[in-house]
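Have a look at the structure below before the remarks.
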Amino acid sequence: MSRQDNEDMHQRIIPKVPSFMRLKNMSDDYDPKVMSLGPYHHGKKELKFVEDFKPKALQMFIEGSNKDYNFFLEKIFEEIERAKSCYLEEFTSQYNDDYFARMMLLDACIVLMDIEIVTEFSKSWEVKYSFTKEHLGVAGYCAAAHDLYLLENQVPFWILKLLFNLRYVKDDISLTYDHQFENIVQYYCSYLCFGDHRLYKEYWETEPPHLFEVFRRELIIFGDKNKDDYLMQQRRHHHHHQPPASSLSGSVSDQWKKKVQNMKKITNSHINSWCFGRYCCIRKKGHHKPKTPRCVFRSVIELKSKGIHFRPSRVNSFNCGAKFHSHCYYAELWLPPWYVSSVTKTALQNMIAYEICPNSVNHGDISVTSYISFMKALITSPQDVKELREKKIIINYLGSDEEVVQVFRSVNTYGTRGQSSFDEINFKIKEHFHSRVRTWFAELLNAYFTSPWSLITLIAATFLLFLAMVQAFYASPLHNLHPSKKFRY
């Protein structure tokens, strides 16, 4: 095996969550509730309910095909060493090749069945959905879907693709050219993440190791080239809905050049800042005495009080959907809209573990972790959630705003801070806060122009003050001595 192949196999390992994260998190966010996928949690007694249903899912997968169980099992058995290399050896060594191949087949089929139900790519999806709900129940089916968001509970992507191509590509004539497996999986993950399918299709340079990586790629825009292409497409499709023209002047490449130049200016100015901390200390060249640390921001409401307004971004991406545009007397912070549901905490906690765990395929890219750290600084009270919910940035499926606050409080980023686009956003927010004219104007607007009644009160008070000044002028001795007012006979 060559060095490149060895590195590729090393990157494709489905990892275990490091033990220190489990001890520090003190929760079961990393363990499946009803369904195991792969060898890490296989055989647990509490997961037997869905384990007994897997043969039925396999039978539904085979029905309608001219192939049988042994055909699909043999195809996986031919790649059994590759399948085992995706997991830690201490877990795969507990099973012989026959048993492990059957495990992979059963686990892959139940994942493919859920993909088929959500995306509706075949004619039999409705029958399979009814059959699944009848045997697992609505609660059981939802809990099984919840377990798909776990890092340790994954089936290798290439096994899913292999079985899909063997079963559907040649047999199902209703499966058109556009319904290739990569597109179907993108639709599936995008729908679960954002509730719709993005217009943009990413063409992966590398095949993802598992479905969890596809979820992550749907949350971010993968690769700098794809990032520029996506922003160009967003400008073409949503030109009349974009932010003010001043924020979009020049080409996309020029914008990224300006961004790099701004980051260089920040570095050259010797900025020493903690992006998500409570205080920021700025030291610039030419200042012999350092400035006193000043509070930047703590929450959405505090940002709003300083004239920073929130807008839903048209870019559904954590790493480039957030933008900050500063204007004369106000600023706009654009954030990608996303759902907060019962699986959000578990999915985010596993995504953070996936990004910062050793031997990750992300090569140090912690875009999701950086975004969650940024949001944890913004959301500290139900009023913050209410503001984001009214701006359609957060779609709350939990019931109350307090529950959303608890979700962000409970998500642990393990003190991870990395260089990202949020460094520049934090610096721009800090600059806006340090502008007294902008903040004074924002305070004036918040005090007297937030509602029509406060505006009417201001006008009435101004008018009464004017009348009092006029009355005082006419009643003063200076008015009586005015030459134009003297009587002449």
When residues of region 15-63 are filtered for being open to solvent by 20 Å² or more (accessible area, probe 1.4 Å), under 25 Å from HIS135 (Cβ atoms), of a type in the set (A, V, I, L, M, F, W, C) and within 25 Å of the chain's Cα centre (by Cα), how many remain? 0
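Does LEU88 fit the bill of being open to solvent by 10 Å² or more (accessible area, probe 1.4 Å), over 26 Å from ASN183 (Cβ atoms), at pLDDT 95 or above and not polar (S, T, N, Q)? Let's see the steps before the verdict.
Values: open to solvent by 10 Å² or more (accessible area, probe 1.4 Å): yes; over 26 Å from ASN183 (Cβ atoms): yes; at pLDDT 95 or above: no; not polar (S, T, N, Q): yes.
Criteria not met by LEU88.
For (1) touching a strand residue (DSSP E or B) at 6+ places or on another chain (Cβ under 8 Å); (2) at pLDDT 50 or above, each residue gets a yes or a no:
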{"position": "SER249", "(1), (2)": "no, no"}
{"position": "GLN261", "(1), (2)": "no, no"}
{"position": "SER269", "(1), (2)": "yes, no"}
{"position": "LYS285", "(1), (2)": "no, no"}
{"position": "HIS325", "(1), (2)": "yes, yes"}
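Kindly provide the set of residues from region 386-400 that are touching a residue at least 60 places away in the same chain (Cβ under 8 Å) and either more than 13 Å from TRP338 (Cα to Cα) or β-branched (Val, Ile, Thr) (or both), ordered by number. Outline the logic, then answer.
Step one: list which residues in region 386-400 are touching a residue at least 60 places away in the same chain (Cβ under 8 Å), which gives 387-388, 391-393, 395.
Within region 386-400, GLU387, ILE393, ILE395 qualify.
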Could you say which residue among LYS376, LYS386 is under 17 Å from THR346 (Cα atoms), part of a helix (DSSP H, G or I) and either of a type outside the set (Asp, Glu) or in contact with a strand residue (DSSP E or B) (Cβ under 9 Å, 6 or more places away or on another chain) (or both)? LYS376
Of all residues in region 121-145, which are in contact with a Phe, Trp or Tyr (Cβ under 9 Å, 6 or more places away or on another chain) and surrounded by fewer than 16 Cβ atoms within 10 Å (Cβ to Cβ)? LYS133, HIS135
Filtered residues of region 110-149 (kept if more than 16 Å from LEU58 (Cβ to Cβ), in contact (Cβ under 8 Å) with a residue 24 or more places away in the chain and either charged (D, E, K, R) or assigned by the TED database to the domain that holds ASN350 (or both)): LYS123, ASP147
Go over the candidates LYS75, LYS33 one by one and state the one that is within 22 Å of ALA347 (Cα to Cα), of a type in the set (Lys, Arg) and in contact (Cβ under 8 Å) with a residue 60 or more places away in the chain. LYS33
Taking region 348-372 and keeping only residues that are under 29 Å from HIS309 (Cβ atoms), among the small types (Gly, Ala, Ser) and open to solvent by 10 Å² or more (accessible area, probe 1.4 Å), one is left with SER367
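I'd like to check something: does region 77-90 contain any residue that is touching a Pro at 6+ places or on another chain (Cβ under 7 Å), among the small types (Gly, Ala, Ser) and within 29 Å of GLN186 (Cβ to Cβ)? Let's see the steps before the verdict.
Quick first cut of region 77-90, residues touching a Pro at 6+ places or on another chain (Cβ under 7 Å) only: 83, 86-87.
Keeping just the survivors that are among the small types (Gly, Ala, Ser) gives 83.
If we keep only those that are within 29 Å of GLN186 (Cβ to Cβ) too, we end up with 83.
Scanning region 77-90, I find at least one residue that is touching a Pro at 6+ places or on another chain (Cβ under 7 Å), among the small types (Gly, Ala, Ser) and within 29 Å of GLN186 (Cβ to Cβ), so the answer is yes.
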Of the conditions (1) assigned by the TED database to the domain that holds ILE184; (2) in contact (Cβ under 8 Å) with a residue 24 or more places away in the chain; (3) not small (Gly, Ala, Ser), the single one that ILE13 does not satisfy is (1)
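The values are calculated or read from the model by the stated rules, or taken from the named source; none is laboratory data. Note that the structure is a prediction, hence the values are computed from the model and not measured. Every residue, glycine among them, receives a Cβ derived from its backbone with ideal geometry; neighbour counts consider all protein chains shown. The area values use the complete protein model at the heavy-atom level, side chains included, leaving out ligands, DNA and RNA. Shrake-Rupley method; radii C 1.70, N 1.55, O 1.52, S 1.80 Å.
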